[in-house]
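Following: one structure in structure tokens, then a few remarks.
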Amino acid sequence: MISQSKILAGDTGSKKGVRLVTYVFADDNESFDSLLRRFKKRVQGDRILSEIRKRRYFEQPSIVRKRKRAAKLRKSRRTSLKDNRRQY
């Protein structure tokens, strides 16, 4: 089972212009369904689709900061609730 990502074009030092292509190689006597399943898992592991969804629309930097702050607050509340439950 050989699967890998490869940088095709762009500068590796910056994120702009770098394209990662995910591909898998078929093993001997491997069905297309199992090959497709491995490819989908690989794409999901590389977080390609989530990155595409995130970059679909431009998001202002202030909105990005608000969203990250809200996520951080949710996470801290969740961990503090877990810690409080463990004490009892």
Of the residues in segment 30-51, how many are within 18 Å of Leu20 (Cα to Cα), among the basic types (Lys, Arg) and surrounded by 12 or more Cβ atoms within 10 Å (Cβ to Cβ)? 4
First in segment 44-64 and in contact (Cβ under 8 Å) with a residue 24 or more places away in the chain, second anywhere and surrounded by 10 or more Cβ atoms within 10 Å (Cβ to Cβ), Cβ under 6 Å, 6 or more apart: Asp46/Thr22
Could you grab me the full set of residues in segment 53-88 that are in a loop (DSSP other than H, G, I, E, B) and within 26 Å of Val43 (Cα to Cα)? Arg55, Arg56, Tyr57, Phe58, Glu59
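Every read-out reported here was derived from the displayed coordinates using simple, explicitly stated rules and does not represent laboratory data. Fair warning: this is a prediction, and the values are worked out from it, not measured in the lab. In this analysis, Cβ positions are derived from the backbone assuming ideal geometry, glycine residues included, and neighbour counts consider all displayed protein chains.
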